[in-house]
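Shown next, in structure tokens, is the structure this report addresses.
The values are calculated or read from the model by the stated rules, or taken from the named source; none is laboratory data. No experiment lies behind these values; they were computed from the predicted model shown. All Cβ positions, even for glycine, are placed from backbone atoms using ideal geometry, and neighbour counts span all protein chains on display. Please note that ligands, DNA and RNA were not included when accessible areas were found on the heavy atoms of the full protein model with its side chains. Shrake-Rupley method; radii C 1.70, N 1.55, O 1.52, S 1.80 Å.
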Amino acid sequence: MDERPETELISIPATPRGVSTPEIQTPSGQRSPRLPSKEAKSSTAWTPTSFISPRFLSPIGTPMKRVLVNMKGYLEEVGHLTKLNPQDAWLPITESRNGNAHYAAFHNLNAGVGFQALVLPVAFSFLGWSWGTLSLTIAYFWQLYTLWILVQLHEAVPGKRYNRYVELAQAAFGERLGVWLALFPTVYLSAGTATALILIGGETMKLFFQIVCGPLCSSNPLTTVEWYLVFTSLCIVLSQLPNLNSIAGLSLVGAVTAITYSTMVWVLSVSQTRPPTISYEPISLPTSSASVFAVLNALGIVAFAFRGHNLVLEIQATMPSTFKNPAHVPMWRGAKVAYFFIAMCLFPVAIGGFWAYGNLMPSGGILNALYGFHSHDIPRGLLAMCFLLVVFNCLSSFQIYSMPVFDSFEAGYTSRTNRPCSVWVRSGFRVLYGFINFFIGVALPFLSSLAGLLGGLTLPVTFAYPCFMWVLIKKPTKYSFNWYFHWILGWLGIAFSLAFSIGGVWSMVNSGLKLKFFKPPN
């Protein structure tokens, strides 16, 4: 008589409410070793908590019940962990999965604020007050929404984490098309930004040396190219940190320095006397076509100010994720904090810089204007500190923007050899990458002037692709508001990308409108 009810209870259907099919992963969430095929097959046939039902627990004593309830919670946690690629344990992006909301805030802030903020007043000089403020506001909220989309799509498919932007593009657009659409703009954005950082960092180090030492320190100072080499060497030394989580401290330094020098620049500019011939009318060009191209280039500069979406999925991939504590919760919490501070940097720099210099803003941005108009009015110590903070920020930003490229190098190596990179191989990749960027910067020194073109070519990564991905993966009801909204938003992003790219090419051809960041004075 005692066996019959027990047999019936054990044979109860094995899917309690709220429990889904278990996936394969270690409980820690930090490694994903290969499991035997038999175990993998059996794990999909039943739920680990199928025999621990309320009816089964009812006749059991309280101590034993407590043990079984705790075991049930543990098994549910294990059963809902997402399945990872075993190779992820060897790669810099996913090697360590102990990230948190603080790391997410540091990384997003380091990636979102940088030298591109200093050029925003240049865009305002072509757009004017109304269109400049409106375009900056629309771009900010548009990219904030697409950032939320990427955070939500990181685990949109049960049992799968899209740890890289290209992986999510492949899931949305297909294996081949996804690579073609996403690989070029993401690599171009990472490598192009790293090269621009070398140029800007080297030139800023030269200016810092001139401000602090002047002609007294050396009768034979280093050339600009030699300063590029010094900055590249520092970047290579810092790049030896193994993975994305290990550079959280550098991201914190980059975030703090970016906020500090952005605040210093606009406060110092606003506090000084404005030039007597200042005007707030948009810069007029000889022909209407030239004016249109200049406006498109200015909008491209605004779009480039919001780069960093190519790193969102990678940052989220550094966090553990379980059924009760999914990774999108701390990621979105950290991103909200980061983008609050990003707004506190970008808007004051753009508005305050344009108020202080108007259409007299030089093509190099607000830092050049501060140095050109007020170098004799501001103490040398403050100017030197401002330039030094820019150097620190460039060193930190180089690391986070280079990490996806390091990950691609090591992914190719590990897929061919089926083993992780040794310390020497990893170091070799990073030294090679650093000097490739150095040689590109020396060969193409105008690369740092292409803010508008960079913004146009990489705009789909931030503004267009996430909208298409949402429709293709989430599959909202056809012809619903949600469906129309994302398709329209995505195609608008593509149209803006083409227009801004044309404006960027025109500005590059027109030597009078090239943006030369931190050009050392004669």
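Tabulated results
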| item | result |
| --- | --- |
| Pair Asn98, Val270: separation of 7 Å Cα→Cβ label points (nm) | 4.2 |
| Solvent exposure, largest accessible area first (probe 1.4 Å, DNA, RNA and ligands not counted), of Tyr339, Tyr280 | Tyr280, Tyr339 |
| Coordinate range along principal axes, alpha carbons of the stretch 90-511, Å, largest first | 63, 53, 38 |
| Local net charge near Asn108, Cβ-Cβ under 13 Å (Lys/Arg +1, Asp/Glu -1) | +2 |
| Descending semi-axes in whole angstrom, ellipsoid equivalent of the stretch 327-467, from the Cα gyration tensor | 35, 22, 17 |
| Area projected by the alpha carbon convex hull of the stretch 395-436, averaged over all directions, nm² | 3.0 |
| Residues with amide H under 5 Å from that of Lys160, placed H, sequence gap 5 or more | Lys83 |
| Cut-off under 5 Å, modelled amide H: who pairs with Gly364 long-range | Lys516 |
